Amino acid sequence: KDLYLFVDAVAILGKEEFVIPKGVTSMGFSSHKLHGPQGVGLCYFKEGIKMSPLFFGGPQELEKRPGTQNLRGIVGFAKAIELLNKHLPKATENMKKLRNHFESTLKSELKDVFINGDGPRVCNTSNICFKGVDAESLLILLDREDVLASHGSACASGSMELSRVLLNMGIDPKDVRSSVRFSICRNTTLEEVEKALKIIISVAGKLRS
């Protein structure tokens, strides 16, 4: 009962409805993940949890983080959450359908394509292994066609280091080097997914030939 458990919940806010799990003492969220302003976040603390200040100064934010508050960001974040309630859970189902269509089409049109972590997961993200294809080369060619993707997590975008998460899942390092992450949002349309699929299938095929 003395365990303090912090959960990085950035990926789920704006994607699916959720309840704070029993035993979680604190959670972190980011505004930009649900189309709110960048540069503002939210940290939840279970009642009774005491936290030392990040640094010392003024009394802002319950004396946990002194300094002038980003009022526009805070108001924008609150509005984004308010608007979110109008979209979920319908948006969740739509993102899940688009993601499943995206994954099934790639697996049917290309050989040796695997979904990393093909199980219960956030509804808008796919981590896909294009076996035998260099992920860095694939990303460069996709970028030229205005298809945005990443080799690792959003936090590690731009880094070509092997994903520790995928390695810890038991995925072969060779396959990790061939893995790319794709994400959609509630504003993504079927037409956009189809356009991206056409480009990805073409580019991956060329890299294999």
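Scanning the stretch 60-81 finds no residues that are touching a strand residue (DSSP E or B) at 6+ places or on another chain (Cβ under 9 Å) and polar (S, T, N, Q). Can you find a residue in the stretch 155-173 that is modelled with pLDDT under 95, in a loop (DSSP other than H, G, I, E, B), within 30 Å of Lys90 (Cβ to Cβ) and not assigned by TED's automatic domain parsing to the domain that holds His35? Checked against the condition, which is being modelled with pLDDT under 95, in a loop (DSSP other than H, G, I, E, B), within 30 Å of Lys90 (Cβ to Cβ) and not assigned by TED's automatic domain parsing to the domain that holds His35, the stretch 155-173 yields at least one hit.
Annotation: of all residues in the stretch 138-154 being in a loop (DSSP other than H, G, I, E, B) and at pLDDT 90 or above, the one that is farthest from the chain's Cα centre (by Cα) is Glu145.
Quick grid of which residues meet (1) touching a Ser or Thr at 6+ places or on another chain (Cβ under 7 Å); (2) over 24 Å from Val24 (Cβ atoms):
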position: Lys46; (1), (2): yes, no
position: Met51; (1), (2): no, no
position: Pro59; (1), (2): no, yes
position: Pro66; (1), (2): no, yes
position: Ile74; (1), (2): no, no
position: Ala78; (1), (2): no, no
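Residue pairs, Cβ under 8 Å, 6 or more apart or interchain, first in the stretch 5-26 and farther than 13 Å from Cys123 by Cα, second surrounded by 11 or more Cβ atoms within 10 Å (Cβ to Cβ) and among the charged types (D, E, K, R). List them. These pairs meet every condition: Val10/Lys33; Val24/Lys46; Thr25/Lys46; Ser26/Lys46. Tell me yes or no: at least one residue of the stretch 77-85 is surrounded by 13 or more Cβ atoms within 10 Å (Cβ to Cβ) and outside any helix (DSSP H, G or I). No - not one qualifying residue is present in the stretch 77-85.
Residues in the stretch 100-123: is at least one basic (Lys, Arg) and under 17 Å from the mean Cα position of the chain (by Cα)? Within the stretch 100-123 (the criterion being basic (Lys, Arg) and under 17 Å from the mean Cα position of the chain (by Cα)), the answer is yes, since at least one residue qualifies.
Listed by first and then second residue, the pairs with beta-carbon distance under 7 Å, at least 6 apart or on different chains, first residue in the stretch 122-147 and surrounded by fewer than 20 Cβ atoms within 10 Å (Cβ to Cβ), second aromatic (Phe, Trp, Tyr) and at pLDDT 95 or above, are Lys131/Phe114. Output the residue which, of all residues in the stretch 177-197 that are part of a helix (DSSP H, G or I), of a type outside the set (Gly, Ala, Ser) and touching a residue at least 24 places away in the same chain (Cβ under 8 Å), is surrounded by the most Cβ atoms within 10 Å (Cβ to Cβ). Only one residue fits best here, namely Val193. Answer yes or no as to whether Glu47 is touching a residue at least 60 places away in the same chain (Cβ under 8 Å) and acidic (Asp, Glu). Answer is no for this residue.
Scanning the stretch 97-113 for residues that are farther than 17 Å from Thr189 by Cα and either surrounded by fewer than 18 Cβ atoms within 10 Å (Cβ to Cβ) or in contact with a Gly (Cβ under 8 Å, 6 or more places away or on another chain) (or both) turns up Lys107, Ser108, Glu109, Leu110, Lys111, Asp112.
The values are calculated or read from the model by the stated rules, or taken from the named source; none is laboratory data. Here the structure is a predicted model, which means the values were calculated and not measured. All Cβ positions, even for glycine, are placed from backbone atoms using ideal geometry, and neighbour counts span all protein chains on display.
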